[in-house]
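The structure appears right after this line, and notes come after that.
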Amino acid sequence: MWKKTCYRIVVKVGTSTLTHDTGSLNLQSMERLIRVLADLSGYGHEVILVSSGAIAVGTAKLSLPERPKELRMKQAAAAVGQCRIMHIYDKLFSEYNRSVAQILLTGDDVDDPVRAEHLSNTFSALLEMGVIPVVNENDSVSSAEIETGRHKVLGDNDTLSAIVAKLCNADLLILLSDIDGLYEADPHTHPEAQLIHRVPALTPEILEMAGGAGTWRGTGGMATKLSAARIAMGAGCDMVITNGARMDDLYRIVAGEDIGTRFLASGREEH
């Protein structure tokens, strides 16, 4: 167990957790997430939410038959979807007497030292006032996530959340996904594969366990999550991969229990 009582926590929620297969928002999942985050905030933790889903939600909102293929149309869908997502977040968090703020980032924002310092100061000011920042990449300006690999800094919200955790000196980063954590082998093809609960170091063996991308609604696979783990661990921040279908597990994760896979920050003894 950690000695600290309250933590600065970054929670990243993926598109597959936020939306139905149709691309429409999964309101039940969002309500569970917001209730738990508001409760953790009420306990005294400082909470930052990194939220995916803008393109998928925009695609559904615009009644498009499929996710756009043209970059400008993806960016337009993201603009519509981001507005919809923030409206829901603001409405639901308000029901628990919590205020939210929207922060949209590009690679240049976190790559430039001056901008990064301003961002860090903004996060600190918001958290001091009890506001929950909601972060996403600014897809309407940047193509880093939409066209993965085109920018050296960002490229997916797993990496973005780790960079945010580093900027904010967070204690814990939690990636909510549609998987339970890191397995010894692909559990879909190897049902006997065991879940790894603790990873003290990113060894070559651990890195080899990374698979491909997930569902059509998201862009991130295990490889991006291990890349995020490298950033977080190097910044002194634990990272946990867990299944977003069980939001109440967040309480146990913050308490230090073995839920999902916890990547231990560099220099922190395994406990």
Looking across the stretch 242-265 at residues that are under 16 Å from the mean Cα position of the chain (by Cα) and part of a loop (DSSP other than H, G, I, E, B), the single one that is farthest from P187 (Cα to Cα) is M247
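Quick test for you: out of V80, V47, pick the one residue that is farther than 18 Å from V10 by Cβ and crowded, with 16+ Cβ neighbours inside 10 Å.
V80 is the lone residue from the list that is farther than 18 Å from V10 by Cβ and crowded, with 16+ Cβ neighbours inside 10 Å.
Test L160 against the criterion of being surrounded by 20 or more Cβ atoms within 10 Å (Cβ to Cβ), among the aliphatic types (A, V, I, L, M) and in contact (Cβ under 8 Å) with a residue 12 or more places away in the chain, and give yes or no.
Spelling it out, L160 is indeed surrounded by 20 or more Cβ atoms within 10 Å (Cβ to Cβ), among the aliphatic types (A, V, I, L, M) and in contact (Cβ under 8 Å) with a residue 12 or more places away in the chain.
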Scanning the stretch 89-133 residue by residue, those small (G, A, S), touching a residue at least 24 places away in the same chain (Cβ under 8 Å) and closer than 16 Å to L49 by Cα turn out to be S99, A101, S120, S124, G130
* **Some residue of the stretch 132-142 being of a type in the set (S, T, N, Q), at pLDDT 85 or above, within 28 Å of C6 (Cα to Cα) and not in a helix (DSSP H, G or I)** => yes
Residues in the stretch 189-212: is at least one under 15 Å from the mean Cα position of the chain (by Cα), at pLDDT below 95 and within 26 Å of N26 (Cβ to Cβ)?
no
For the stretch 5-41, the count of residues that are in contact with an Asp or Glu (Cβ under 7 Å, 6 or more places away or on another chain), over 21 Å from S120 (Cα atoms) and surrounded by fewer than 20 Cβ atoms within 10 Å (Cβ to Cβ) equals 1
Note: among R72, R98, R67, just one is part of a helix (DSSP H, G or I) and of a type in the set (K, R), namely R72
Scanning the stretch 30-64 for residues that are among the polar types (S, T, N, Q) and assigned to a loop (DSSP other than H, G, I, E, B), the one nearest to E128 (Cα to Cα) turns out to be S52
(Q) Can you find a residue that is over 19 Å from C6 (Cα atoms), among the small types (G, A, S), under 14 Å from the mean Cα position of the chain (by Cα) and assigned to a loop (DSSP other than H, G, I, E, B) anywhere in the stretch 218-235? (A) yes
Scanning the stretch 191-207 residue by residue, those free of Cβ contacts under 8 Å to residues at least 12 places away in the same chain and over 15 Å from A228 (Cα atoms) turn out to be P191, E192, A193, Q194, P204, E205
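The values are calculated or read from the model by the stated rules, or taken from the named source; none is laboratory data. The model shown is predicted, which means the values in this text are computed figures rather than measured ones. Glycine also receives a Cβ, built like all others from the backbone with ideal geometry; neighbour counts cover every protein chain displayed.
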